[in-house]
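What follows is calculated from the coordinates using simple rules that are stated; it is not laboratory data. Given the structure is predicted, the values throughout are model-derived calculations rather than measurements. For neighbour counting, all protein chains shown are included, and Cβ atoms are generated from backbone atoms with ideal geometry for every residue, glycine included.
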Amino acid sequence: MPKLDLHEFKDDLKATPGPGSNAPPRTIRASDLDENFAKVTLIESEEDPPPYQVEYTKDGTRLKNIRGLPEDAIAKQFDVCENGQAEQYWFVVWENEPDLPE
């Protein structure tokens, strides 16, 4: 899985304080937050018909209506520790057992 080039905010705390200050920085730039958010936000497809739809809610983001999957299939991402390293994977789930072709 390629690693995203995200801004590491913990590095901001390691930065040298401004002249006359011994305290670490206590602010972060909104542009850094916005850039990170844009890099991890799902992009709506421009294909017609789209291979998936993106649903944004206050609780998170979900891929819906993935083409080629049975109705009501949704993709979910989960994080695991694999050999001591954090890894992210996706899987497809259904609320009810789907009718799959034999």
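About its Cα centre, the dipole of the chain is roughly 780 debye, where the only charges are +1 on Lys and Arg Cβ and -1 on Asp and Glu Cβ. For D34 and D99, a Förster radius of 41 Å and the Cβ-Cβ distance give a FRET efficiency of 0.40, rounded to the nearest 0.05. Backbone geometry of region 85-93 corresponds, through the Karplus equation with coefficients 6.51, -1.76 and 1.60 at θ = phi - 60°, to 3J(HN,Hα) couplings of 10, 6, 10, 10, 9, 10, 9, 10, 10 Hz, x marking Gly and Pro. Within the same chain, lysines fewer than 8 places from K39 are excluded, and of the rest, those with a Cα less than 22 Å from its Cα are K3, K10, K58, K64, K76. Pick from L69, L13, L33: which residue has the top mean-square fluctuation in a GNM of the chain where Cα pairs under 10 Å get a spring? So, out of L69, L13, L33, the one fluctuating most is L13. Here are some values of Cα Rg over 2.2 N^0.38 Å: [x] 1.57; [y] 1.36; [z] 1.31. Which one was computed from this structure? Here the calculated entry is [x]. Give me the net charge of D32's neighbourhood, meaning all other residues with Cβ under 10 Å from the Cβ of D32; Lys, Arg count +1, Asp, Glu -1. Net charge in that neighbourhood comes out at -3. The string of couplings for region 68-77 from the Karplus curve (6.51, -1.76, 1.60, θ = phi - 60°) is x, 10, x, 3, 6, 6, 9, 9, 10, 9 Hz, one whole number per residue in order, with x for Gly and Pro.
Karplus-derived 3J(HN,Hα) values for region 9-18, using 6.51 cos²θ - 1.76 cosθ + 1.60 with θ = phi - 60°, are 5, 4, 5, 4, 6, 8, 5, 5, x, x Hz; glycine and proline are entered as x.
If each residue of separation counts as 0.36 nm, what is the full-extension length gain between E71 and Y89 once their alpha-carbon separation is subtracted?
On the way: separation 18, 0.36 × 18 = 6.48 nm, distance 2.17 nm.
So the chain would gain 4.3 nm between E71 and Y89.
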